[in-house]
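Written out below as structure tokens is the structure these notes cover.
The values are calculated or read from the model by the stated rules, or taken from the named source; none is laboratory data. Just so you know, these numbers come straight off a predicted model, no measurement behind them. Here Cβ is always computed from backbone atoms with ideal geometry, including for glycine, and neighbour counts include all displayed protein chains.
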Amino acid sequence: MSKTVIVFGGGIGGLSAAHELSERGFSVRVFELRDVPGGKARSVVVPSTAPRQNVGTVHLGSLAAPTRRDLPGEHGFRFFPRFYKHIIDTMARTPYRGSRSVAENLVNTTDATFALFGRRPLKLPTITPSNVPELFTLVSDLGSLFGPDLGIPPEDFAFFGERIWQILTSCSERRLNEYEKIGWWDFIGAEQRSEAYQKFFGIGLTRSLVAARAKLASTKTIGDIYTQLAFNLSEPEISTDRVLNGPTNDVWIDPWLTYLRGRGVEYHLNARVRSIEMDGGVVRGVMVEQERSVREVTADYYVSALPIEVMATIVTDQMVRADPGLANIFPLSHNTEWMNGIQFYLDDDPPIGRGHQIYLDSPWALTSVSQAQFWTDVDLSRFGDGNIRGVVSVDISDWETRGLNGKPARKCTRREIRDEVWDQLKRSLNVQGADVLEDEDLVHWYLDLDIDPLLRANAEPLFVNLIDTWRLRPRAVTAIPNLFLASDYVQTFTDLATMEAANEAARRAVNGILEHSGSDAPPCQLWNLHEPELLEPWRASDRVRYRQGLPWDDTAVRLGLSALAALYRGTSALEASIVNVVSSAMHVEDVLSYIRTGESRSELVQRLTSGPGAPSGELLRAFATLAGTVASPAESVATSALEALASAERNPPNVEPPGVTTGNVRFVEP
Ligand SMILES: Cc1cc2nc3c(=O)[nH]c(=O)nc-3n(C[C@H](O)[C@H](O)[C@H](O)COP(=O)(O)OP(=O)(O)OC[C@H]3O[C@@H](n4cnc5c(N)ncnc54)[C@H](O)[C@@H]3O)c2cc1C
């Protein structure tokens with residue numbers, strides 16, 4: 001009989017766990033509090049926005065059948081950066097309309113807009129140029145970063161480049177143990193730089209994109225995300241950013257649930273998990289409230305996919321005794337920020353941009369996506385009153401700073417929030433005579449119902465990674481043998497509260513269950529963040545320095561590279577001279593004396609090519625990798641040097657003198 005699993009929380013973490021478990025033969029039940037699946041990634045319908053059909057003269061109000069669908073609203077718009085792997089892999093295995101997958105509902109954006117009050121918005125491509133005219137456009141756009149539009153001084157730009165370079169070339173140990181303890185604001189030296197620099201690199205891309213305060217956010221987290229986005233930009237013809245081609249639940253979550261239910265997953269909506277019951281160090285069951293009655297449900301394994309602030313209300317002393325690390329959930333549960341969506345429905349589709357807009361100096365840290373252009377299969381005339389042509393979906397990421405109306409969003413009424421967000425958008429987009437957003441086009445708006453202005457409460461805040469909190473965050477596999485965690489706050493490679501992290505956490509939880517249950521099903525695949533081979537020499541060198549307790553410094557690698565460049569230039573001359581010597585040599589020993597370093601060859605080989613702990617071997621291999629990437633002649637030199645060292649160890653003494661072919665040098669072990 002198949003093992004049973006109870007998953008509580010039906011957001012991306014819970015759905016992902018159910019997906020992987022059901023495909024591996026487990027019998028899964030999910031308990032979700034709300035009446036809509038998807039958690040913070042859900043889209044919703046905006047109540048009573050479609051006209052109702054009355055019967056004859058009887059007015060049925062909201063009971064009448066709608067003639068169209070209610071307008072599509074959402075908790076916050078969805079953004080799928082190119083570096084996401086886990087969630088995309090799951091989406092690719094989720095069927096959509098027969099032969100397709102929901103991953104095919106992702107569409108590329110082509111640009112990102114950076115807007116400042118009263119200045120011309122700057123558009124940068126999210127796809128690397130693939131031809132010369134596109135390259136010229138990019139260069140001119142980048143030039144605008146320094147010009148009057150954004151006004152970042154070139155020296156600030158260069159300084160930021162150096163900071164990013166340091167992250168890119170630091171080893172993972174340094175990133176985790178040093179940068180995790182430094183705030184992003186300090187790391188990028190924002191305090192000493194221009195206001196434009198602070199707005200763009202400090203606040204704009206931190207607060208607006210991931211709701212984190214630059215002064216409190218960990219450099220490891222923000223640096224990793226920046227570098228992933230930058231790597232994506234370096235891949236020609238691939239967009240760094242994707243969005244869905246329709247409302248999230250229509251084109252992703254609902255088809256996902258249909259698939260899971262088809263596989264036998266029981267997904268209960270309106271089911272609140274009230275407590276976790278322990279017995280002798282293991283979970284005995286969970287108390288679930290459904291239709292006003294509470295009952296205990298039991299299974300072989302339990303996966304908690306609850307958000308951290310809810311989990312903190314459920315962790316008990318007994319659980320902490322069984323796994324002391326769970327006590328960290330209490331302090332961590334305060335590390336949340338408000339981030340919520342508001343949508344504006346227009347009778348015209350505004351020409352805002354084909355991607356994200358980041359409103360760099362908007363006091364409420366706004367970002368937006370104009371969605372209708374991406375919803376190619378969605379007939380908007382079938383929604384609302386039939387006249388909607390544009391949907392601008394906005395995320396508000398700063399609820400503390402006073403707006404243009406003098407009030408922080410947290411203290412505003414719903415109507416005040418609507419007015420203020422609209423005003424901040426217009427100040428950013430309606431500039432230099434352009435009327436991108438017009439009041440008369442605004443037909444409707446919807447603010448997520450999580451926001452309760454009366455109580456000044458937000459039912460679903462977002463977890464943020466603050467400085468030096470990685471060590472506090474729990475792993476997906478807890479010390480309680482039948483309890484696993486599958487939420488965005490768990491330690492993951494992704495290391496940022498996102499759908500990608502929730503999915504990765506779920507995979508880790510499922511792998512824990514597979515291991516504990518002795519299942520022979522294949523484990524779920526995990527991906528680390530992309531670390532380009534090209535920079536491995538720097539990382540290897542930094543690893544050596546880190547282990548010696550030295551600070552980051554890339555001088556040695558720069559010198560090494562200069563040497564490589566010199567080697568590259570001098571390859572022909574060097575080879576010619578070696579060929580000369582070798583051809584005139586009468587004995588192997590003569591050749592060997594030419595190359596002998598004083599240390600025995602086998603010792604040298606051993607030292608240079610032994611395991612990963614050997615710094616110089618690591619460095620040499622890394623150079624070979626780099627050479628392989630940057631220049632084929634240099635590669636042949638580096639590779640033949642490595643091959644020579646390896647074969648020198650294998651070959652017995654007294655072999656024939658080496659054969660020498662032009663452009664290729666072989667050495668022989670004595
Ligand atoms: C406005 C906004 C925009 C965002 N945009 C993006 C984006 O573009 N890209 C991206 O990758 N990430 C984005 N994120 C982050 C992302 O949405 C979350 O990190 C991710 O969805 C978290 O998934 P989760 O399953 O861990 O948690 P959740 O989504 O919070 O799911 C937890 C589930 O548990 C349920 N629950 C709560 N209490 C109980 C209970 N007692 N019993 C049973 N069920 C319960 C909740 O209803 C919910 O469904 C955004 C977040 C916000 C707030």
Looking at the range 219-228, is at least one residue of a type in the set (G, A, S) and in the same structural domain as Y179 (by TED's automatic domain parsing)? yes
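Would you confirm whether or not the range 318-340 contains a residue that is in contact with a Gly (Cβ under 7 Å, 6 or more places away or on another chain) and near the ligand (Cβ under 9 Å from one of its atoms)?
First pass over the range 318-340, keeping only residues in contact with a Gly (Cβ under 7 Å, 6 or more places away or on another chain): 322, 339-340.
Retained after the next criterion (residues that are near the ligand (Cβ under 9 Å from one of its atoms)): 339-340.
Yes, the range 318-340 contains at least one residue that is in contact with a Gly (Cβ under 7 Å, 6 or more places away or on another chain) and near the ligand (Cβ under 9 Å from one of its atoms).
Do we find a residue being on the phi < 0 side of the Ramachandran plot, among the aliphatic types (A, V, I, L, M) and within 16 Å of the ligand (Cβ to nearest atom) anywhere in the range 425-445?
Step one: filter the range 425-445 for residues on the phi < 0 side of the Ramachandran plot, giving 425-431, 434-445.
Still in the list and also among the aliphatic types (A, V, I, L, M): 425, 429, 431, 434, 436-437, 442-443.
Keeping just the survivors that are within 16 Å of the ligand (Cβ to nearest atom) gives none.
No, every residue in the range 425-445 fails to be on the phi < 0 side of the Ramachandran plot, among the aliphatic types (A, V, I, L, M) and within 16 Å of the ligand (Cβ to nearest atom).
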Candidates L496, L526, filtered to the one that is within 13 Å of the ligand (Cβ to nearest atom) and either in the same structural domain as S218 (by TED's automatic domain parsing) or assigned to a loop (DSSP other than H, G, I, E, B) (or both): L496
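If we scan the range 395-403, do we find a residue that is touching a residue at least 12 places away in the same chain (Cβ under 8 Å), β-branched (V, I, T), within 16 Å of the ligand (Cβ to nearest atom) and touching an Asp or Glu at 6+ places or on another chain (Cβ under 6 Å)? Please lay out each step first, then the result.
Residues of the range 395-403 that are touching a residue at least 12 places away in the same chain (Cβ under 8 Å), as a first pass: 395-399, 401-403.
Cutting the leftovers down to β-branched (V, I, T) gives us 396, 401.
With the extra rule that they be within 16 Å of the ligand (Cβ to nearest atom), the set shrinks to 396.
With the extra rule that they be touching an Asp or Glu at 6+ places or on another chain (Cβ under 6 Å), the set shrinks to none.
Checked against the condition, which is being touching a residue at least 12 places away in the same chain (Cβ under 8 Å), β-branched (V, I, T), within 16 Å of the ligand (Cβ to nearest atom) and touching an Asp or Glu at 6+ places or on another chain (Cβ under 6 Å), the range 395-403 yields no hits at all.
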Going through the range 231-250 one residue at a time, which ones are modelled with pLDDT of 80 or more and among the aliphatic types (A, V, I, L, M)? V243, L244
Exception for Y301 within (1) in contact with a His (Cβ under 9 Å, 6 or more places away or on another chain); (2) not assigned by TED's automatic domain parsing to the domain that holds L21 falls at (2)
Pull up the range 454-463, narrow it to residues that are within 16 Å of the ligand (Cβ to nearest atom) and free of Cβ contacts under 8 Å to residues at least 24 places away in the same chain, then point me to the one that is surrounded by the fewest Cβ atoms within 10 Å (Cβ to Cβ). A457
Assuming E309 fulfils every condition listed in (1) part of a helix (DSSP H, G or I); (2) of a type in the set (D, E); (3) without any contact (Cβ under 8 Å) to a residue 40 or more places away in the chain apart from one, which condition is it? (3)
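Could you please let me know if H516 is away from the ligand (no atom under 13 Å from the Cβ), touching a residue at least 40 places away in the same chain (Cβ under 8 Å) and assigned to a loop (DSSP other than H, G, I, E, B)?
Details: away from the ligand (no atom under 13 Å from the Cβ): yes; touching a residue at least 40 places away in the same chain (Cβ under 8 Å): yes; assigned to a loop (DSSP other than H, G, I, E, B): no.
The answer is no for H516.
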Please list, ordered by residue number, the strands (runs of 3 or more DSSP E) wholly in the range 98-191 having 2 or more residues that are at pLDDT below 90. 111-115, 122-125
Determine which member of the set A509, A505 is within 8 Å of the ligand (Cβ to nearest atom), at pLDDT 95 or above and either more than 15 Å from the chain's Cα centre (by Cα) or within 17 Å of G14 (Cα to Cα) (or both). A505
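Looking only at the range 1-33, count every residue that is part of a loop (DSSP other than H, G, I, E, B) and within 8 Å of the ligand (Cβ to nearest atom) and tell me the total.
The first filter runs over the range 1-33 and keeps only residues part of a loop (DSSP other than H, G, I, E, B), leaving 1-3, 9-10, 23-26, 32-33.
Filter once more, keeping what is within 8 Å of the ligand (Cβ to nearest atom): 9-10, 32-33.
Number of matching residues: 4.
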Considering the range 472-495 alone, what residues qualify as being modelled with pLDDT under 95 and among the charged types (D, E, K, R)? D495
Counting only residues that are buried (at least 20 other Cβ atoms within 10 Å of the Cβ) and touching a Ser or Thr at 6+ places or on another chain (Cβ under 8 Å), give me the strands (runs of 3 or more DSSP E) lying completely in the range 342-453 with at least 2 of them. 355-359, 366-370, 390-396
